[in-house]
Each structure stands twice: as structure tokens, then as C-alpha cells.
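*Asks:* I have a structure I would like to understand better, so I am pasting it below and will then ask my questions one at a time.
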Amino acid sequence: MKTYNIIKGIFATTVLSIVFSGCSEDAMDRINKDHGHTQSVAARFILTDVITSTAFSNTGGDFNTYLSSYIEYEVGVDNQLFYAETRESEPTSSSTFNNTWNGLYSTLKAARIIIGQCSDGGIDHGNYVTKGMAEVLAAYNCALIADMFGDAPCSQAAIIDENGSPVYLTPKMDKQEEIYTQAMQYLDNAIEDLQKEDLIDPADQDLLYKGDAEKWLKLAYGLKARYTMHLLKRSANKDADMEKVLEYVGKSFESADEQAAFNIYDGNNINPLYGFYVARAGLGASESMRSKLAEYNDPRLSRAFISTQKEQAPGTADNAVYAPNGIPEQGTDKYGSSLFMYSISAPTLLLSYHEIKFLQAEALCRLGRDAKSALKDAVVAGLLNAENSFSISRKELGKTLINPKAAITEDEANDYYDNTVEGKYTTEPLKTTMTQKYFALWGASGEATEAYNDIRRMKGLGEDFIQLKNPKSFPLRCPYGNSDTTTNAEVKAAYGNGQYVYSENVWWAGGSR
């Protein structure tokens, strides 16, 4: 019996030795994994979150709010926006855009997960359209990172391993030029993938286009036009690049029905600018904006401003509606506001039809060609987009809005171009085009970020078409987020004390980083 037990023990030990020596590390990893819970999500379900965060947080969120003050669409009159307006702390602080900094990288990570899952070997391989959508969104968020911060982590950032852990804990800084190369490559890949098919229709998860690959393709080409224009200062052949802009515009949106509108807001899911204003009321009506509109007798002038009593302002300075840019008194009850603040359900526009037409008009102007037709389409579309927000605000304010103005009609918009804009275009075509674009990107649609890009790239080109009235220094970029200025040595070194935001242009505007 004793001998049997000894033999049995030797046998058991031998078997266990054979079993475990035959298990590879991969096999052991599989054994040790938690198979009782979901380890991955289908790419099309992740897509919904990427679209939402890109539109609501990254396009329509803090960038849009703060930059509205920087470029004088609005005036910061209270709390953080007051300090941004007066340049006391917010423009240089690493905490100002930290939430958006984190949101950008979180969104980029999710987009890259979709791309990986839809690529060769991924669990969603064969869903090329979904992959193309994610590539467009990855390009969009990469460009936002580059446009706002200049040099920044990108190629090593927002990348996870098969266990969901970050591959690089302190990703290296990429040059802004390199990030743009990545963004353009994403768009080129998207253009190829969006002309293929999906195995499973992502329509129910696509909050932009309901799975319409052709419209996503037009968005990709439109973004190529936008980013090519951003790079004009660095162009080796400006005429050739303007021709490329025209080519991309020709493949992009043909009407406002095709623009990239995140249009799901209602009484419960509210436009982010409206959400900020009703919570904090930190923005006031801009005297600078009023005076610029007055020079053109623009139809927005008598519609866009309301007093503290919610009376529709007639556009004159003698009713104490307007805040002086850069030097307002602090407080939420001293100045009126723009009617855009109440546009509770106005869509966030990732890329609008009017922007596409303005890009076309600008390219034609820079090539010395007739841009009247493109400019008229752009001006009219921009005015009608503003009226869409005004109508939403009028409905939201209801009986509390005193002396509401009539809606801007398409006929009035056409008359405005014919009787005012075209004459100014005849003498100053490029300045008129860029001024009208500045007017058109004002509103509740999240387009202040792109207007900020325009002003910086024009300054880089020596074109001072938009005269800003704030006597304080103009922020040339946004500061890095403190999530990385405290943990990533390269980001910390690049940030320093944050004062560089006043002195260093981003690379595409003529700076070095």
C-alpha cells in the first residue's frame, strides 16, 4: 500500500509537470482571463460615443466658449470667462482646458480602438465604412489637438494594448507638422474605406449621417480643404494648394442638408453653449461685434442682441447692452447678451456648408479669380444658419423676449449680399470674404474654434482683416492640460509657466512649435 501511494504521487507529479510545461504563455494568459464579463464592444457601438464626445465636448465645449471671448464674439463678464477676457490667469493656466485635453485623448483612443477592431485581424474586420467614419473622427481630433496646442503627444498617445492598458504612460511630443501628417493620412485612409462596404449596417449608431457613407466621404474631403487652408503659411506652392482646396470643396457638401450637424439636442439634451450660459451667465454682448456688424449694416445686428431685460436690442450703444472688450465690469447683470445664448437645441456643426463655400471663395480670391457666386452662397447659408439659432432662442424665451424681431428670410439674405456685400467685395475681395466668414461662424453651432484658427492663420500671413478691440495680449494658442504638465516631463518642459501662449505662434501660423 505504501509502495502504491508513492507510485501514485510520482505519477501525479509527472502529469502535472507535463501539463504545465505544455502550456505556452499565451495559453496561460487565456486561462487567467476573466471570461465571465465582456472584453470588447462592437465597433459600431463605440462610434456613437466618439461622435458625441467630438461634437458636444471637443467642438462645442470649452474651446468654443473661451475662444468666443478671445475673438470677441462675446465678452467674458464673470468668473473664469472674466479672467479669460481680462487675461488675468485663464489663458495661461494648465487647468483651463484640462477637461477638454483629457476629452480629446479619450475620444482619440476610442476612435483608434474602432480602427483597430475594423482592421485586418480585428473582431470587426470587414466593416470598412465604420472604420472610415472612425478615421474621419480620428483626423478631426488629431487636428484639434494640433490646432489648439501646437506640438503635443499624438502618435504614442491614446494607444492601448489588448488588455486595455496604455502602451505609453508618458507619450512623446510630436511636432505640429507631424500631427497634421497623421491627420491627413487618416483622411486619405477614410476616403478609401468609405467607398467600400460594411458587414453590419452602423446606421442606428451613427448620430451624424445614419450610416450614409457618401456624406461621410464629403465630410472627409471638406476637412481636407479646411486643413489644407490651415497650412497655407507653410505651403511650398500656394497656388497649387489653393487648387487642391477647390478640388476638395468640389467633392464636399452641396447644400446645408449635407453638412456635419450633430442635431440631437432637445429640452433634455441641450446645446453646450446654452448649458454653459444658463448655468453661469458668464458671457455678455460684445461691443466689438456690434461695431463690426454695423459697418456692414448686417441683418444680424438688429436680431442678435438682447438687453438684461431680454428686450431685443436695436443695435445701438446707448441702451447699455454691450460690454467693452477686455475691460468689462465683473458681474452677470450689467450687460446684455447675444440671442445665441438661448439656442437650446441649435445643432453643433463639425463642418458646415457655409464654411465649405467660404473656403471655396477664399481659394478663388487668392488665385485672383471671381469668387462672387461662392461668396454669395456662403453669406446666405451663414445668415440662414444664424436665423435657425435665433428662431430656437425666440421660442425658448417665449413671452419673456420683449420686442422680438422678425426672422431673417432667404430673400433678405440675398438682398444683403446684392446691395452691401458685393460692393465691398469689388474693392476688397479677400478682406470682404474673410470678414463675412467671421460673421457667419459666430453663433451657437460651435464654430468659434475655427474662426479662432482663421484669425491666427491670417495674422501669420500678415493679413489683419479682423480688428480686435481687446487692449490686452491675444492668446496665440491654448495651454496644455495639467493632467500631463504634472506627469509627462516633455509636456511639463514645453508648458513652463504658460506665458508662451502670448508669444509663440503655432507652427502653421509661422511659429516653431
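Per-residue answers, yes or no, for (1) under 26 Å from the mean Cα position of the chain (by Cα); (2) under 18 Å from Glu447 (Cα atoms):
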| position | (1), (2) |
| --- | --- |
| Arg280 | yes, no |
| Glu295 | no, no |
| Ser307 | no, no |
| Gln360 | yes, yes |
| Arg366 | yes, no |
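*Asks:* Please work out which residue is surrounded by the most Cβ atoms within 10 Å (Cβ to Cβ), limiting yourself to segment 139-153 and to residues that are over 20 Å from Tyr495 (Cβ atoms) and in contact with a Leu (Cβ under 6 Å, 6 or more places away or on another chain).
*Replies:* Among residues in segment 139-153 that are over 20 Å from Tyr495 (Cβ atoms) and in contact with a Leu (Cβ under 6 Å, 6 or more places away or on another chain), the one surrounded by the most Cβ atoms within 10 Å (Cβ to Cβ) is Asn141.
*Asks:* If Thr400 meets every condition in (1) under 30 Å from Gly267 (Cβ atoms); (2) surrounded by fewer than 19 Cβ atoms within 10 Å (Cβ to Cβ); (3) in contact with a Leu (Cβ under 9 Å, 6 or more places away or on another chain); (4) not aliphatic (A, V, I, L, M) apart from one, which number is that one?
*Replies:* With respect to (1) under 30 Å from Gly267 (Cβ atoms); (2) surrounded by fewer than 19 Cβ atoms within 10 Å (Cβ to Cβ); (3) in contact with a Leu (Cβ under 9 Å, 6 or more places away or on another chain); (4) not aliphatic (A, V, I, L, M), Thr400 is out only on (3).
*Asks:* Considering only residues that are more than 20 Å from the chain's Cα centre (by Cα), surrounded by fewer than 20 Cβ atoms within 10 Å (Cβ to Cβ) and touching a residue at least 24 places away in the same chain (Cβ under 8 Å), which ones fall in segment 212-232?
*Replies:* none
*Asks:* Only one of (1) assigned to a helix (DSSP H, G or I); (2) over 23 Å from Phe276 (Cβ atoms); (3) touching a residue at least 12 places away in the same chain (Cβ under 8 Å) fails for Asn419. Which number is that?
*Replies:* Every condition holds for Asn419 apart from (3).
*Asks:* Right, next: Just wondering, is there one or more residues in segment 239-261 that are among the small types (Gly, Ala, Ser), over 20 Å from Ala444 (Cα atoms) and touching a helix residue (DSSP H, G or I) at 6+ places or on another chain (Cβ under 9 Å)?
*Replies:* Checking segment 239-261: at least one residue is among the small types (Gly, Ala, Ser), over 20 Å from Ala444 (Cα atoms) and touching a helix residue (DSSP H, G or I) at 6+ places or on another chain (Cβ under 9 Å).
*Asks:* Find the residue count for segment 423-474, including only residues that are farther than 22 Å from Tyr140 by Cβ, touching a residue at least 40 places away in the same chain (Cβ under 8 Å), part of a loop (DSSP other than H, G, I, E, B) and of a type in the set (A, V, I, L, M, F, W, C).
*Replies:* Number of matching residues: 4.
*Asks:* Still on this model: Looking at segment 19-33, is at least one residue at pLDDT below 95, assigned to a helix (DSSP H, G or I), more than 30 Å from Ile113 (Cα to Cα) and among the hydrophobic types (A, V, I, L, M, F, W, C)?
*Replies:* Yes, some residue in segment 19-33 is at pLDDT below 95, assigned to a helix (DSSP H, G or I), more than 30 Å from Ile113 (Cα to Cα) and among the hydrophobic types (A, V, I, L, M, F, W, C).
*Asks:* Looking at (1) under 17 Å from Ala386 (Cβ atoms); (2) touching a helix residue (DSSP H, G or I) at 6+ places or on another chain (Cβ under 8 Å); (3) in a loop (DSSP other than H, G, I, E, B), which is the one condition that is false for Arg477?
*Replies:* (1) is the only condition that Arg477 fails.
*Asks:* Name the single residue, out of those in segment 337-380 being of a type in the set (Ser, Thr, Tyr) and part of a strand (DSSP E or B), that is nearest to Arg300 (Cα to Cα).
*Replies:* Ser338
*Asks:* Only one of (1) part of a loop (DSSP other than H, G, I, E, B); (2) farther than 30 Å from Gly460 by Cα; (3) within 23 Å of the chain's Cα centre (by Cα) is not met by Tyr168, so which one is it?
*Replies:* Exception for Tyr168: condition (3).
*Asks:* Now a separate question. All but one of (1) surrounded by fewer than 20 Cβ atoms within 10 Å (Cβ to Cβ); (2) closer than 17 Å to Gly382 by Cβ hold for Tyr425; which doesn't?
*Replies:* Going through (1) surrounded by fewer than 20 Cβ atoms within 10 Å (Cβ to Cβ); (2) closer than 17 Å to Gly382 by Cβ one by one, Tyr425 breaks only (1).
*Asks:* Among the residues of segment 177-186, are any touching a strand residue (DSSP E or B) at 6+ places or on another chain (Cβ under 6 Å) and either surrounded by 24 or more Cβ atoms within 10 Å (Cβ to Cβ) or assigned to a loop (DSSP other than H, G, I, E, B) (or both)?
*Replies:* No - not one qualifying residue is present in segment 177-186.
*Asks:* Can you pull out the helices (runs of 4 or more DSSP H) entirely within segment 40-119 that have at least 1 residues that are over 26 Å from Lys437 (Cα atoms), acidic (Asp, Glu) and in contact with a helix residue (DSSP H, G or I) (Cβ under 8 Å, 6 or more places away or on another chain)?
*Replies:* Those helices (runs of 4 or more DSSP H) span 43-52.
The values are calculated or read from the model by the stated rules, or taken from the named source; none is laboratory data. Owing to the predicted nature of the structure, the values given are computational and were not obtained by experimental measurement. Virtual Cβ from ideal backbone geometry, glycine too; neighbours counted across all protein chains shown.
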